[in-house]
Amino acid sequence: MHGFADDNMSLAELAQTVLDYSRERLELDPVPLDRTLTPAQLQEQAGQTITRDGLGGQQAMDLFAEVLAPACLSVDHPRYLSFIPCAPTEAAAMFDLVVGASSIYAGSWLEGSGAVYAENQALRWIADLVGLPESAGGVFVPGGTIGNLSALVAARAEARRTAAPGQRPFRVATTHGAHSSIQSACDVMDAELTTVEPDERGRLTGERLREVLLANGPETYFAVVATAGTTNFGIVDDLESVAQVCRELGIWFHVDGAYGGAGLAAPSVRHLYAGIEQCDSFIVDPHKWLFAPFDCCALIYRNPAAARNAHTQHAGYLDVLTEATDWNPTDYSVGLTRRARGLPFWFSLATHGTQAYSDSVEQTLRVAAFAEAEVARRDDLELVGERFLSVLVFRRKGWAAADYQAWSDRILDEEFAFVVPTNHDGETLARFAIVNPQTTTEDIVAILDSMG
């Protein structure tokens with residue numbers, strides 16, 4: 001680009017440097033876990049990176065490769081089992097380079113029809129897994145927080161459009177196990193979140209949901225949020241009974257499957273999701289358990305027109321878009337500007353086929369089942385809660401919070417594994433989140449052995 005020439009490198013040389021690094025990173029086997037550095041350490045090792053005249057492409061690339069990248073944990077490491085990891089396929093990761101280099105604006109059909117067409121086919125595969133009708137559709141957004149917020153904005157707009165005169169629904173119902181983004185969305189929307197006591201398995205159920213809705217007045221609610229795979233325990237709510245209550249009382253039924261929705265691709269656990277086909281909106285993050293790079297959340301609506309009514313932005317310069325009948329992704333979520341973040345996921349799906357995705361999800365479930373059995377086999381360990389999907393929570397008998405933290409810090413400092421403790425009902429516990437098909441049973445054994 002004019003004005004941004006590198007006096008030390010040609011464009012071809014810079015491109016080769018970047019591509020060489022990318023190829024070498026993708027070919028690493030094993031992938032290094034790496035470690036976090038302190039601000040003082042980074043200041044010492046990296047120093048001032050932004051200068052008047054620039055460092056030049058080669059020096060900047062060397063700085064990233066030798067200092068900055070090793071100071072970032074590799075979330076695709078097979079023993080990265082904290083939070084919800086990200087393990088993109090090589091095809092998806094490589095295609096992210098293509099998306100960045102292609103200067104595609106994917107907010108409208110007018111400007112990005114090819115990208116939108118491809119993204120919509122990837123969304124259709126997910127919609128089919130859910131069981132939504134052919135008329136369903138949506139958009140890829142940055143993550144589950146924006147996906148949940150966008151769905152709830154559409155739900156509220158639809159509820160208020162159809163409410164009786166003088167009524168303005170302002171409540172959302174869910175359980176304590178729901179993702180923190182639901183509370184965040186309610187805070188942003190100035191909505192009231194009411195929680196329903198879960199059943200003995202930790203699930204939201206229709207019976208208990210109905211009691212809360214009737215006690216507070218169902219007309220005051222604009223959405224119920226069920227979770228298909230909670231982040232902490234992987235619990236799948238009783239979607240069938242929740243859907244029935246939502247239909248009965250005329251309330252929008254949203255399913256947060258940011259992590260666990262990927263399990264829909266696995267026949268062995270598909271029964272856990274019975275009733276999900278009745279949802280009004282649904283999210284799943286392909287960057288969690290569907291092997292796409294950050295950031296990629298699929299948001300799908302049963303009735304996209306309701307979302308378009310809520311989200312379409314109006315301005316004189318946008319009339320050429322808003323007055324057309326084209327499918328414009330920005331009509332279906334918060335935000336106008338968007339990159340084609342669904343394309344790396346689409347490219348990997350198109351490259352490998354959907355069966356490979358089902359097989360890979362099943363592989364992680366087999367490793368999770370092994371981990372469950374291995375924990376149960378060891379006298380010094382004890383399972384906590386039921387394993388629904390690929391998250392496992394357990395305690396090390398005799399350990400206090402400081403013991404869990406010391407163990408977690410040690411295995412990270414050794415660049416062996418990244419397993420941070422979690423908290424449940426005031427107790428510190430160990431937790432595995434297994435979403436990487438390269439995580440093996442040997443990895444599980446080695447990590448458990450490290451607990452002493």
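One table, with the values for the structure above:
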| item | result |
| --- | --- |
| J(HN,Hα) series, the range 58-66, from Karplus relation 6.51 cos²θ - 1.76 cosθ + 1.60, nearest Hz, glycine and proline x | 5, 5, 5, 5, 4, 4, 5, 5, 9 |
| Share of pairwise Cα separations in the range 328-446, more than 21 Å, in percent | 54 percent |
| Chymotrypsin sites (Phe, Trp or Tyr not before Pro) lying in DSSP loop within the range 1-104, provided at most 10 other Cβ fall within 10 Å | Phe4 |
| Backbone HN-Hα couplings from phi across the range 24-29 [Karplus 6.51/-1.76/1.60, Hz, Gly and Pro as x] | 4, 5, 5, 8, 4, 8 |
| Accessible carbon and sulfur surface of the range 320-452 relative to its total accessible area, %, 1.4 Å | 50 percent |
| Packing-based ranking, highest mean first, of 109-117, 222-230 given that Cβ atoms within 10 Å are counted | 222-230, 109-117 |
| Distance (nanometres) between label positions extended 7 Å along Cα→Cβ at Leu68 and Phe370 | 3.7 nm |
| The chain, accessible area per residue, ligands and nucleic acids excluded (1.4 Å, Å²) | 45 Å² |
| Label-point separation in nm, Gln59 to Asn309, each point 7 Å along Cα→Cβ | 5.9 nm |
| Dimensions (Å) - the range 55-166, Cα atoms, principal axes, largest first | 64, 37, 31 |
| Percentage relative contact order, the range 1-153, counting C-alpha pairs under 8 Å, at least six apart | 18 percent |
| Where GluC sites (Glu not before Pro) fall in DSSP loop in the range 194-275, at most 11 other Cβ within 10 Å | Glu200 |
| Radius, Kirkwood style, for the range 356-403 when every pair of distinct Cα atoms is counted (Å) | 11.9 Å |
| Long-range Cα-Cα pairs in the chain (distance over 35 Å), rounded percent | 36 percent |
| Computed over the chain: relative contact order in percent, which uses C-alpha pairs under 8 Å that are six or more apart | 21 percent |
| Spatial separation of Cα centroids for the range 88-124 and the range 325-377, in angstrom | 15 Å |
| Per residue, the convex hull volume that the Cα atoms of the range 139-262 enclose (Å³) | 99 Å³ |
| Whole-Hz ³J(HN,Hα) from phi, Karplus 6.51 cos²θ - 1.76 cosθ + 1.60, for the range 84-98, glycine and proline x | 10, x, 10, 10, x, 5, 4, 4, 5, 5, 5, 6, 4, 4, 5 |
| Relative contact order (%) - the range 237-303, alpha-carbon pairs under 8 angstrom, separation at least six | 33 percent |
| Contour minus Cα-Cα distance for Leu97 and Val18 (0.36 nm per residue) | 27.5 nm |
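The values are calculated or read from the model by the stated rules, or taken from the named source; none is laboratory data. Everything numeric in this text was worked out from a predicted model, so none of it was measured. We place every Cβ from the backbone using ideal geometry, glycine too, and count neighbours over all the protein chains shown. Ligands, DNA and RNA are stripped out before the accessible areas are found, and what is left, the full protein with its side chains, is counted by its heavy atoms. Shrake-Rupley method; radii C 1.70, N 1.55, O 1.52, S 1.80 Å.
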